[in-house]
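Trainee: Attaching a single structure in structure tokens format; questions to follow.
Readers should treat all values here as calculations from the given coordinates under stated rules, not as data from a laboratory. As the structure is a prediction and not an experimental result, all values here were calculated from the model. Here the Cβ positions follow ideal geometry from the backbone for every residue, glycine too, while neighbour counts run over all protein chains shown.
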Amino acid sequence: MTTTGNGWKDLPIGAVIEKAGNAREYLTGDWRTMRPVWDPEKCIQCLFCWVYCPDASILVKDGKMIGINYEHCKGCGICAAECPKRASAITMIRESDADAPSAGSTSAAATGKGGAC
Amino acid sequence: MGKRVALTGNEAVALAMKQINPDVVAAYPITPQTEIVQYFSSFVSDGQVSTEMVRVESEHSAMSATIGASAGGARAMTATSSQGLALMHEMLHIASSYRLPIVMPVVNRALSGPINIHCDHSDTMSARDTGWIQLYSENAQEAYDNMFIAQRIAEHPDVLLPVMVCMDGFIISHSLENLNIEDDKLVKDFVGPYEPKQYLLDVKNPYTSGPLAMYDYYMELKRQQAEAMFTAKPIVQAISEEYGKLTGRHQGFFETYKLDDADIAVVVIGSTAGTARSAVDHLRAQGIKAGALKLRMFRPVPREEIIAALSPLKAVAVMDRADSYAGFGGPLFGDVRSWLYGTKCDLPVVNYVYGLGGRDVIMEDVLKVYDYLNKLVNHQVPLELVQYLGVRE
Amino acid sequence: MGKLTEIRWHGRGGQGAKTASQLLAEAASAAGMYVQGFPEYGPERMGAPIQAFNRYSDQPIALHCHVTEPDVVAVLDPSLLGPAVIKGLSDTGALLVNTSDSPATVRAKTGLKIGRVYTVDASTISVETIGRDIPNTPMMGALIKATDFMAYDQFMIVMRQLLEDKFKSKTSVIEGNLKAIQRAYEEVQSE
């Protein structure tokens, strides 16, 4: 059956979630107050960030990290914390100091403007 | 009387527990109750109470530990909500049938599924047949006061029944409000020491608790247990009055608001009663004779008093913050209707199931209920016994 | 019914919206008012948009529901600015925002045509006075300027007492917070 509306007669029986994997459609990127910024020059492609990211927000293609999914990244900072010190390829910046969000963005950390958001 | 402070419902209840200073508290966390045992644990670690705090692995164990401690001779408590209350369900029957004077704050939260951590009364309503006395609090002040009254009721030698002190999850438990708190000595003297006639650690007078009873005795023992609920009713009244004289805050079985000359009224439990009073004032300003009845004691049932209070009215709506899934409305509705049946109180009594899973109930929602009652009284709408307030069709 | 004032706070989890509503309620209670202070509980996570509410009155408050028609809306995180935060704001109400933008920019972002707008850079003030970007205390200073909640001098006395109760001997925290409130009170921009 399909969900046709949000009244009690429209909702699926037993409150089942009918579409598998629809967590992907719940964009939580706007929860971020801090943003990870990836420098591909420094990256050693160890994929620790991908292993540890709790939100599956590290983009990987053909076995290589290619960027960050800013639509889902909540800015927890685990990727930056797990990135090996010798690489330090991920830094956290204030979301308000970031450039426009885009997956795989390589914007370097902006120096914070003295003022607030 | 007392000192004016601002506390959340959970802080107020934890403070009451501190002032009671029970011998044992068994603790297991569940939102929105967790803060009660959390605050209490800091009283324990700061040495402000002499309570033995037992951290257990589930609510079933929490009630089991409380029962064991209480049967042993200790003044014992725990606190819970929703799934926790449901998990300890079999033990609730044990506590009441063993006649143990356990007081337990229950922060009302919806039962899953779907999973929901917000306020409704499905948890304690599901436990209404467990033989526990049930007192419902409208706000932090009442929750605080009810704790002391409950302790006295539970331990009264002619009652010896466990008592649930209920308050609305998040709406009251996590909301900071004003209340008056009493000083330690006043409440300590009011509650008094716990002096059980019989307790398992009294090795000079050994006995066994928790027997098997076959069909030749079970029924008599349960009839005896039922008698305690009959006996409890006037004792609840008396102890509430005693507390009222001491503090200036009187709580009876229920509180009526502009009911004396009212044509239409709602019967409601918990925080929504306050919102209902605002609705009554709004209607009275328009010349509509509306009133409200806030029920505080749900077990045992204040049947005669409710009949007397509701008889003069023209129509009543019972508001249920829980559904019975019986195909005929909510638990409070079913109860109230049956209390009134066959009496001189034959006015139309309808049900509104509302506020499930923490659905916010604003004054305008309550006004819709009164609007229906008004139209019903004026024969402008057909009688609809059960309605669901604010649900999307 | 008494004079009831209703406030709605918008913030993100971790920014102190809940604490702001509770501190305000405690301050009002200490001054003899009847109060309520409570958050709306949703996805309880850092960064998730949340709301908190206050009511204060010279009469006991019976209502137990969310605030839907606030007299004051306080926004702790400017990234939350949009039409949703001004929903229900009364015509004579006040919108108070933590931002370095001007009130005119705030009006453009929210579409607000009515009421009064106040802005204050509470984040910067809190970093400079308390050492952390937790804008709730300075926002309270701005609220004092924007509303008739309480006289400033009385508020500072009440807050000093509350902060001393909460933070006991941590003088720098107490003084930092009081300085934050003072600066916000002085620096808040109106139209």
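Trainee: Dividing the Cα convex hull volume of the range B:6-95 by residue count, how many Å³ per residue is that?
Mentor: On the way: hull volume 7.6 nm³, N = 90.
In the range B:6-95, the Cα hull volume divided by residue count equals 84 Å³.
Trainee: On to the next question. Would you please give the residues with an amide H less than 5 Å from that of B:Cys166, counting only those at least 5 places away or on a separate chain, with H modeled from the backbone geometry?
Mentor: Here the answer is B:Val106, B:Leu135, B:Tyr136, B:Ser137, since their amide H atoms fall under 5 Å of that of B:Cys166.
Trainee: When chain B is treated as a GNM, springs tying every alpha-carbon pair under 10 Å, which of B:Arg55, B:Arg296, B:Arg152 comes out with the largest mean-square fluctuation?
Mentor: The residue that fluctuates most here is B:Arg55.
Trainee: Provide the FRET efficiency to the nearest 0.05 for the B:Ala213-A:Tyr52 pair, computing r from the beta carbons and using R0 = 51 Å. Intermediate values should be presented prior to the final figure.
Mentor: Values: r = 58 Å, r/R0 = 1.15.
E between B:Ala213 and A:Tyr52, to the nearest 0.05, is 0.30.
Trainee: Taking the Cβ-Cβ separation of C:Gln182 and B:Glu393 as r and a Förster radius of 60 Å, what is the calculated FRET efficiency to the nearest 0.05?
Mentor: Details: r = 53 Å, r/R0 = 0.89.
After rounding, the FRET efficiency stands at 0.65.
Trainee: Across all directions of projection, what mean area in square nanometres is found for the Cα convex hull of the protein assembly as shown? Intermediate results must be reported in sequence, preceding the final value.
Mentor: On the way: hull surface 147.2 nm².
Spelled out: convex hull of the Cα atoms, projected over all directions, averaged, 36.8 nm².
Trainee: Once you've got the GNM for chain B with C-alpha springs shorter than 10 Å, pick whichever of B:Ala74, B:Ala27, B:Ala213 has the biggest mean-square fluctuation.
Mentor: Per the Cα network of chain B with a 10 Å cutoff, B:Ala213 tops the list.
Trainee: Let me ask you something else. Using a Cα-Cα cut-off of under 30 Å, which lysines could be cross-linked to A:Lys85, ignoring same-chain neighbours fewer than 8 residues away?
Mentor: Within the straight-line limit of under 30 Å, A:Lys85 reaches these lysines: A:Lys42, A:Lys61, A:Lys64, A:Lys74, A:Lys113.
Trainee: What is the spin-label model distance, in nm, from B:Glu220 to B:Ser42 if the labels are put 7 Å beyond Cα along the C-beta direction?
Mentor: For the pair B:Glu220/B:Ser42, the computed spacing is 5.4 nm.
Trainee: Starting from the 7 Å offset along Cα-to-Cβ, what nm value, one decimal, do you get for the label separation of A:Lys9 and A:Asp62?
Mentor: Once both label points are built, they end up 5.5 nm from each other.
Trainee: Once R0 is set to 22 Å, what does the formula 1/(1 + (r/R0)^6) return for the Cβ-Cβ distance between B:Leu383 and B:Gln286, expressed as a FRET efficiency to the nearest 0.05? Write down the numbers at each step before the final one.
Mentor: Details: r = 24 Å, r/R0 = 1.09.
So the FRET efficiency works out to roughly 0.35.
Trainee: While we're on this one: Mind putting together the pair-distance distribution for chain B? All Cα pairs, 10 Å bins, whole percent per bin, short to long.
Mentor: Result returned by the calculation: 5, 23, 33, 24, 11, 3, 0, 0.
Trainee: Another question, if that's okay. Points 7 angstrom from Cα along the Cβ direction at B:Lys185 and A:Asp39: gap in nanometres?
Mentor: Label-label distance for B:Lys185 and A:Asp39, simple model: 7.0 nm.
Trainee: Around B:Ala86, with a cut-off of 11 angstrom between Cβ atoms, what is the net charge of the other residues, counting Lys and Arg +1 and Asp and Glu -1?
Mentor: On the way: positive: B:Arg109; negative: B:Glu59, B:Glu90, B:Asp123.
So the environment of B:Ala86 carries a net charge of -2.
Trainee: Quick one: grab the alpha carbon gyration tensor of chain C, order the square roots of its eigenvalues as a ≥ b ≥ c, and give me rounded if a/c is under 1.5, else prolate or oblate depending on whether a/b is larger than b/c. Intermediate results must be reported in sequence, preceding the final value.
Mentor: Values: a/c = 1.38, a/b = 1.11, b/c = 1.25.
Judged from the Cα gyration tensor, chain C comes out rounded (a/c under 1.5).
Trainee: Each residue of the range B:235-243 in turn: what ³J(HN,Hα) in whole Hz from Karplus with 6.51, -1.76, 1.60 and θ = phi - 60°, glycine and Pro shown as x?
Mentor: The phi angles translate into 5, 4, 4, 5, 5, 4, 5, 4, 5 Hz.
Trainee: On a straight-distance basis, which aspartates and glutamates could pair with B:Lys222 in a cross-link, Cα separation under 15 angstrom, same-chain partners fewer than 8 positions away excluded?
Mentor: Partners found: B:Asp129.
Trainee: Moving to a separate point now. Two-decimal Rg/Rh of the range B:263-360 from alpha-carbon positions, Kirkwood Rh?
Mentor: Values: Rg = 13.2 Å, Rh = 13.9 Å.
Result for the range B:263-360 is an Rg/Rh of 0.95.
Trainee: If one computes the Cα centroid of the range B:266-289 and of the range C:8-78, what distance in Å separates the two points?
Mentor: Cα centroid to Cα centroid, the span is 24 Å.
Trainee: What translational diffusion coefficient, to the nearest whole µm²/s, does the range A:40-94 have by Stokes-Einstein, given a Kirkwood radius computed over alpha-carbon pairs, a temperature of 37 °C and 0.692 mPa s viscosity? Show your work: numbers first, answer last.
Mentor: On the way: Rh = 11.2 Å.
The estimated diffusion coefficient comes to 292 µm²/s.
Trainee: Here's a follow-up. Restricting to DSSP loop positions (anything but H, G, I, E, B) with no more than 15 other Cβ atoms inside 10 Å of their own Cβ, which GluC sites (Glu not before Pro) remain in the range B:32-82?
Mentor: B:Glu57
Trainee: For chain C, with a Gaussian network of springs between Cα atoms less than 10 Å apart, report the residue from C:Ile61, C:Ile86, C:Ile144 with the top mean-square fluctuation.
Mentor: Comparing C:Ile61, C:Ile86, C:Ile144 in a Gaussian network model of chain C, the most mobile one is C:Ile61.
Trainee: Then there's this: Name the aspartates and glutamates eligible as straight-distance cross-link partners of C:Lys109: C-alpha to C-alpha under 12 Å, and not fewer than 8 places from it in the same chain.
Mentor: Cα-Cα hits under 12 Å: C:Asp101.
Trainee: Also, quick follow-up: What net charge do the residues around B:Ser41 carry, taking every other residue with its C-beta under 14 Å from that of B:Ser41, with Lys and Arg at +1 and Asp and Glu at -1?
Mentor: Details: positive: B:Lys18, B:Arg55; negative: B:Glu11, B:Glu35, B:Asp46, B:Glu52.
Net local charge, B:Ser41 excluded: -2.
Trainee: Determine the shielding of peptide C:21-32 by partner chains: average, over its residues, the number of Cβ atoms on other chains within 10 angstrom of each Cβ. List each step's numbers first, then the result.
Mentor: Numbers: counts 2, 5, 1, 1, 6, 4, 1, 3, 8, 3, 0, 2.
Taking all residues of C:21-32 together, the mean is 3.
Trainee: Still on this model: Can you list the trypsin sites (Lys or Arg not before Pro) in the range B:305-391 that are in a DSSP coil and have 11 or fewer other beta carbons within 10 angstrom? Show your work: numbers first, answer last.
Mentor: Numbers: sites: B:Lys314, B:Arg321, B:Arg337, B:Lys344, B:Arg359, B:Lys368, B:Lys375; in loops: B:Lys314, B:Arg321, B:Lys344, B:Arg359.
Sparse-neighbourhood loop trypsin sites (Lys or Arg not before Pro): B:Lys344.
Trainee: If you take every residue apart from B:Ala74 with its C-beta less than 13 Å away from the C-beta of B:Ala74, what net charge results, scoring Lys and Arg +1 and Asp and Glu -1? Let's see the in-between values first.
Mentor: Values: positive: B:Arg75; negative: B:Asp23, B:Glu52, B:Glu155, B:Glu195, B:Asp202.
Charge balance in the 13 Å sphere: -4.
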